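Here the structure comes first, spelled out in structure tokens, and everything after it is commentary.
The values are calculated or read from the model by the stated rules, or taken from the named source; none is laboratory data. Small disclaimer: the values here were computed from a predicted structure and weren't measured. Positions of Cβ are backbone-derived with ideal geometry, glycine not excepted, and every protein chain shown enters the neighbour counts. Accessible surface is based on the protein model in full, side chains and every heavy atom, while ligands, DNA and RNA are left aside. Shrake-Rupley method; radii C 1.70, N 1.55, O 1.52, S 1.80 Å.
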Amino acid sequence: MESQQQQVQQQQQQLRNLRDFLLVYNRMTELCFQRCVPSLHHRALDAEEEACLDSCAGKLVHSNHRLMAAYVQLMPALVQRRIADYEATAALAETAGSPSSSMTGQHGPPGPRS
């Protein structure tokens with residue numbers, strides 16, 4: 001049963017990865033096309049438009065690779081910081097919820113008044 005669950009999770013992750021790739025690809029295509037193809041009067045791209053599209057796509061792919069490398073480098077530190085923050089918050093909540101800390105500064109329950 002667990003194996004099937006892992007397979008389903010893996011397939012879902014693969015679909016998310018494909019979706020993310022297609023979103024980046026479509027956005028890059030749209031951006032470069034808008035930037036490099038000023039008119040649709042010709043059936044084929046001219047040499048200048050092709051060169052512009054190659055350069056634009058190359059720059060975007062290169063910058064995407066650099067961003068991903070930075071993300072891969074920074075991610076472990078971010079995860080560690082989140083874990084530390086979570087543990088600190090949990091420790092504070094545990095300390096605040098303990099009975100000894102709530103009685104600090106009190107001399108016991110008030111007695112009946114006469």
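Give the residues of region 78-108 that are modelled with pLDDT of 90 or more and within 14 Å of the chain's Cα centre (by Cα), sorted by residue number.
R82
Kindly indicate the residue of region 45-58 that is touching a helix residue (DSSP H, G or I) at 6+ places or on another chain (Cβ under 9 Å) and of a type outside the set (D, E) and also least open to solvent (accessible area, probe 1.4 Å) among those meeting that condition.
That would be C56.
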